[in-house]
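I am attaching a structure below and will ask some questions about it afterwards.
The values are calculated or read from the model by the stated rules, or taken from the named source; none is laboratory data. Because the structure is predicted, anything quoted here is derived from the model rather than measured. Every residue, glycine as well, gets a Cβ built from its backbone with ideal geometry; the counts of neighbours run over all protein chains shown. Quick note on the areas: whole protein, heavy atoms, side chains included, nothing else; ligands and nucleic acids left out. Shrake-Rupley method; radii C 1.70, N 1.55, O 1.52, S 1.80 Å.
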Amino acid sequence: MRFALFLMVFFSATAQAAAIERFKAFARSTQSARAEFEQKVFDRSGKPVQQAKGSFVFQRPGKFRWVYAKPADQVIVGDGERVWINDRDLNQVTVRKLSRALGSTPAALLAGSADVEAAFELSEAGMRDGLEWLEAKPREREAGFERVRMGFGAGGVEAMELLDHFGQTTLLRFTNLTRNPKVDPAEFRFTPPKGADVLGE
């Protein structure tokens, strides 16, 4: 009985240890990626309050394009120096310096530098839904969320789960992930639309 218990603990620890190593290997070997996503937001009680779909592409370090399809109709672009958030329905653009917007955000886990441990405290989160989960807590107190989890499957990173300070949980599921595709630099350039209100830095 003790031996069986030992085996359970050993294999559980081995499986959990793989999550951080898989993430580090992903960060080292993936300079760019492209995928589609489905996003669901749940309130504190677990009730779904929002759903959206879209696509993203990133290129390390700090360049990404995150596009929400309608009804959200929003585009977020990181050009390496700034992050632009374009709400097309409101014709409003918010811009922030990349160092402030990316340093401790979930995007930093995907598009930031390979050394994310300076901004996040990484720990194992075990197996769930057939995925190995990694938990990352921002070291900065002013980050807009409490923690983010990344789920790894056979195809690499397949999911992210974000818990914010209001108790809301955002779940992202990735499909058709392509690692290291050729990326057009124009995807990471952004010019505010004519007549748009531009807010921020």
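Looking at the range 48-74, I want the residues that are under 25 Å from Gly167 (Cα atoms) and free of Cβ contacts under 8 Å to residues at least 24 places away in the same chain and have a partner that is among the acidic types (Asp, Glu) and outside any strand (DSSP E or B) with Cβ atoms under 6 Å, at least 6 apart or on another chain. Which pairs are those?
Asp73/Asp89
Within the range 35-67, track down each residue that is out of contact with any Gly (no Cβ under 9 Å at 6 or more places or on another chain), over 18 Å from Phe188 (Cβ atoms) and not β-branched (Val, Ile, Thr).
Within the range 35-67, Lys40, Phe42, Gly46, Lys47, Pro48, Gln50, Gln51, Ala52, Lys53 qualify.
What are the residues in the range 27-55 that are under 13 Å from the mean Cα position of the chain (by Cα) and under 20 Å from Trp133 (Cβ atoms), if any? Let's see the steps before the verdict.
First, pick out the residues of the range 27-55 that are under 13 Å from the mean Cα position of the chain (by Cα): 27, 33-39, 55.
Of everything in the range 27-55, those that are under 13 Å from the mean Cα position of the chain (by Cα) and under 20 Å from Trp133 (Cβ atoms) turn out to be Ala27, Ala33, Ala35, Phe37, Glu38, Gln39.
Read through the list (1) modelled with pLDDT under 90; (2) of a type in the set (D, E, K, R); (3) touching a helix residue (DSSP H, G or I) at 6+ places or on another chain (Cβ under 8 Å), then give the number of the only condition that Arg65 fails.
(1)
Given Val83, Val75, which one is assigned to a strand (DSSP E or B), open to solvent by less than 30 Å² (accessible area, probe 1.4 Å) and modelled with pLDDT of 90 or more? Walk me through how you get there before you give the answer.
On the way: Val83 fails: modelled with pLDDT of 90 or more.
It is Val75.
Next up: Do you know which residues across the range 175-191 are within 17 Å of Ser29 (Cβ to Cβ) and either of a type in the set (Ser, Thr, Tyr) or open to solvent by less than 90 Å² (accessible area, probe 1.4 Å) (or both)?
Leu177, Thr178, Asn180, Pro181, Val183
Sort through Gly126, Gly167, Gly144 and tell me the only one that's touching a helix residue (DSSP H, G or I) at 6+ places or on another chain (Cβ under 8 Å) and either touching a residue at least 24 places away in the same chain (Cβ under 8 Å) or not polar (S, T, N, Q) (or both). It would help to see each step written out before you state the result.
Working: Gly167 fails: touching a helix residue (DSSP H, G or I) at 6+ places or on another chain (Cβ under 8 Å); Gly144 fails: touching a helix residue (DSSP H, G or I) at 6+ places or on another chain (Cβ under 8 Å).
After ruling out the rest, the residue left standing is Gly126.
Moving to a separate point now. When residues of the range 150-174 are filtered for being of a type in the set (Asp, Glu) and buried (at least 16 other Cβ atoms within 10 Å of the Cβ), how many remain? Don't jump to the end; show me each part of the working.
Going residue by residue through the range 150-174, those that are of a type in the set (Asp, Glu) are 158, 161, 164.
Checking which are buried (at least 16 other Cβ atoms within 10 Å of the Cβ) leaves us with 158, 161.
The qualifying residues number 2.
Continuing with this model, one more query. Every residue in the range 143-169 that is of a type in the set (A, V, I, L, M, F, W, C) and assigned to a strand (DSSP E or B), please.
Pass one, the range 143-169, residues of a type in the set (A, V, I, L, M, F, W, C): 143, 145, 148, 150, 152, 154, 157, 159-160, 162-163, 166.
Selection gives Phe145, Val148, Met150, Phe152, Val157, Ala159, Met160, Leu162, Leu163.
For the range 28-84, name all the residues that are farther than 11 Å from Leu110 by Cα and among the β-branched types (Val, Ile, Thr).
Val41, Val49, Val67, Val75, Ile76, Val77, Val83
Further question on the same structure: Taking Glu132 as meeting all but one of (1) modelled with pLDDT under 85; (2) among the acidic types (Asp, Glu); (3) surrounded by 20 or more Cβ atoms within 10 Å (Cβ to Cβ), write down the number of the exception.
It is condition (1) that Glu132 fails.
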